[in-house]
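Read through the structure below, which is laid out as C-alpha cells, and then see the notes.
Where a number appears in this text, it was derived from the coordinates with a stated rule and is not lab data. Source: prediction; values computed, not measured. Glycine also receives a Cβ, built like all others from the backbone with ideal geometry; neighbour counts cover every protein chain displayed.
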Amino acid sequence: MKKIDKLLITSFVGPFAVSFGIALFVLIMQFLWLYIDEIAGKGVSIFIMLELIGYLSISTFPMALPIAILIASVMVMGNLAERYELSSMKSAGVPLIRIMRGLIFLAAATALFSYVCSDIIIPFSNLKFKSRLTDIRKQKPALALEKGIFNEDFRQFVIRIGDKARDGETISDVMIEDQTNAGKVNFNQILADSGQMYTTDDRRFFVMNLFHGTQYQEPAASGSSQQKQKYPFIRTNFKSWTKVWDMREFELVRSDEDRYSNNRSMLSMNQLRLMIDSLGHSMTETRQSAADDLLFQLKREPVKTRRPANQDSLQQKMPPVQPPQPPQTGVAQPAKRKKITDIPPQTPARNVPKLPRQELNKPLSEYQFFYETFAVEDRAALLREAVNRAKTGVTGMETRIAQMRSRRIEWVKTGYELYIKYSFALVCFIFLFIGAPMGAIIRKGGFGYPILVSIIFFVTFIMLTILCRKLAETAIMSPFWAAMVPCIVLVPISFYLTRKAMNDSQMFSTERLERFFRQIRNRFQKQKASQVA
C-alpha cells in the first residue's frame, strides 16, 4: 500500500466511525420517540430493550452509512487542504483522483456492505424488531399498586390500597373486588384493616396477606321463581386471609414471527422480485376480468318477449262474415201470442280477436332517440331495464377499479422497497465525490463546516427521496425512477464539484459577483439621472 493511500485511509476511518455512531444514535432516537409511549410502563427488562435497540440500529444502517461517508470525506479533505498538505500533493504532480483512490475503495466497500445489509441482514432485523415490538405492545403494564388508586392489572380482580408504608410491603385499608365467579356470585368484596404484600424470591408469584377483615358475598339466585325472589347475603369475618396471584401473566410472551414474514420490509430482494411479479399478474388478471364483464354487459343479446306482427296476418285472424239470407215467401199466418218475460240486462261478451302489434317501418334517421322506435307502452320498462343494467355495470366497475388501485399501490410500494436498496447503496459512492471535493474547496476541517455542508446535501437527498416516493404512490412516477431520481440529481453535482476541486477553481468568484452588482448599480444610477434631466 502506498503511503498516500495509507495516510488517507487512516485519516478517514476515525471520522467515519465517529460520524457513523452519531448518525446511528440520532436515527435510533428518532424512531424510539415514536414508540416510547408503548414501551414505557411495561416493565421491560434491560436485555429486551437492548435487543430491540440492536435490531432497530441494524435497520438504520442504509441511512447512516451515506451521511457518515459524506461527513468523513469533507473532514479528511478539509483537514488536508487546511494544513496545505493537499496543495503539496498536487504540487508534486499527484492528481486529486489519485489522492482519493483509497477513499474510493472504502466507499465502494461501504456501498457493497449497505447492499448486503439491505438484502440479507435488514429483513431479518426488521422481522425481529416487529415481533418484539408487538410483544411489548401486548404485554400488560408492570404491577404498580399505588395508594388510593383502583388497580385492575390482575385478571378479574380489582384492588385498592388506602395507604402503603415506606417499606413497600405493609398496607392498610385494603379493598379487593373478586370477579372470578361473576355468573354465580353477584357481589364478592373483601375489606381488611391491614395487610402485607410481597413477591416470592423467584418472582413467579405475588402474595397478599390481609388481617382483620370481612368478606361480603351475594350469591346469584337460582331455582324456582319463589326461590329467585330470595336474595341471600353472606358475611364472613376473618383474622387472616391470603391470596396468591401468578405473575406469569405479566411476562413477555413471544409471538409467532411467521405472521409478519410476508411484509415487504422483511423480504429479501429475490422475494421482493417474486412478489412484484405476482402482483403484476394479479393486476393483469383483474383488468382482464373487468374488461370481460363489461363486454358481456354490452354484447348481451336482448330477450324477445313479443312476436312481431305482419300486416297480412290480419285477414287470417278475422272471423268470416256470412252474407244475409233472403226472406221466405208464403201465405201469411197469424202469429201466436207469446208471453214476454223481463230479462235483466246483461253485457254480451265480445269475442274480439287480439290484434298483434304492427312493426314500425320508418327509417331510423327520422327518430331523435333510439327508444322511440319501440312502442309507447314498452318504453318505461325498457328505460328501467337500461338503468338497472347501467347501475349494475357501474357498481361492478367501481369494485374492480378499487381492487386494481389497491393492488397498484401495493405493487408500487413493493417495487420502491426493492429499488431503494440499490439507491442507498449507490448514494454511498456518490457522496464521496461530493464530500471530498467540498472539503478541498472550503479548506476547513473539524466538525464545523463539514457537518453543515454534509447536512445540506443529506437533507436534499432525503427530501428528494420522500418527494419521489409520494409521486410513485400516486402513479405519477414509476418505482424505479422514484428510487433513482435522487441519485441522478446528485450525480451532476458530484461531477461539478470534482471538476472544480481538480482545477483548484473557486465555486463562487467574488470578482464576478462584484462586477455583477456594480453593473446593476450603474444601470439604476443612469436611469435616475435620466429621470432628473
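Inter-label distance, Met29 to Glu372: 7.9 nm, where each label sits 7 Å from its Cα along the C-beta direction. Each peptide in 405-418, 207-220 receives the mean, over its residues, of other Cβ atoms within 10 Å, and ordering these scores from highest gives 405-418, 207-220. The value given for the range 407-485 is a Kirkwood hydrodynamic radius of 13.9 Å, derived from the mean inverse Cα-Cα separation. In the range 2-76, the alpha-carbon atoms span a convex hull of 94 Å³ per residue.
Excluding Ser268 itself, what net charge comes from residues whose Cβ is under 12 Å from its Cβ, given Lys and Arg +1 and Asp and Glu -1?
Details: positive: Arg264, Arg273, Lys421; negative: Asp119, Glu417.
Net of charged neighbours comes to +1.
Given a Förster radius of 35 Å and the C-beta distance between Asn262 and Arg204 as r, what FRET efficiency does 1/(1 + (r/R0)^6) yield to the nearest 0.05? According to the calculation, E is roughly 0.45.
By the beta-carbon count within 10 Å of each Cβ, the least crowded to most crowded order of Leu467, Leu145, fewest first, is Leu467, Leu145.
Residue ranges 50-61, 80-91, 159-170 sort as 50-61, 80-91, 159-170 when ordered by packing (mean number of other C-beta atoms within 10 Å per residue, highest first).
D for the range 395-533, whole µm²/s, Stokes-Einstein with Kirkwood Rh over alpha-carbon pairs at 4 °C and 1.567 mPa s: what number? Walk me through the intermediate numbers first.
Working: Rh = 18.9 Å.
D = 68 µm²/s.
May I ask you to derive the FRET efficiency for Glu514 and Asp173 from their Cβ-Cβ distance with R0 = 60 Å, giving the value to the nearest 0.05? So, using R0 = 60 Å, E works out to roughly 0.10.
Across the range 33-169, the convex hull enclosing all Cα atoms gives 169 Å³ per residue.
I'd like the per residue volume of the convex hull spanned by the Cα atoms of the range 150-250, given in cubic angstrom. Please list the in-between numbers first.
On the way: hull volume 10.8 nm³, N = 101.
Dividing the Cα hull volume of the range 150-250 by its residue count gives 107 Å³.
From the residues Gly195, Asn181, Asn209, which one has its Cα farthest along the dipole of the range 150-250 in the positive direction, the dipole being from +1 and -1 charges on Cβ of Lys/Arg and Asp/Glu about the Cα centre? Value: Asn181.
A simple packing score, the average count of other Cβ atoms within 10 Å per residue, orders the peptides 267-273, 64-70, 523-529, 285-291 as 64-70, 267-273, 285-291, 523-529, with the highest score first.
Take Val427, Val158 and order them by how many other Cβ atoms sit within 10 Å, fewest up front. Let's see the in-between values first.
On the way: Val427 28, Val158 15.
Least to most surrounded, the residues fall as Val158, Val427.
At full extension, Glu285 and Ala381 could sit 31.0 nm farther apart than now, given 0.36 nm per residue minus the alpha carbon distance. Per residue, the average separation of C-alpha pairs within less than 8 Å and at least 6 apart gives the range 450-494 a relative contact order of 35 percent.
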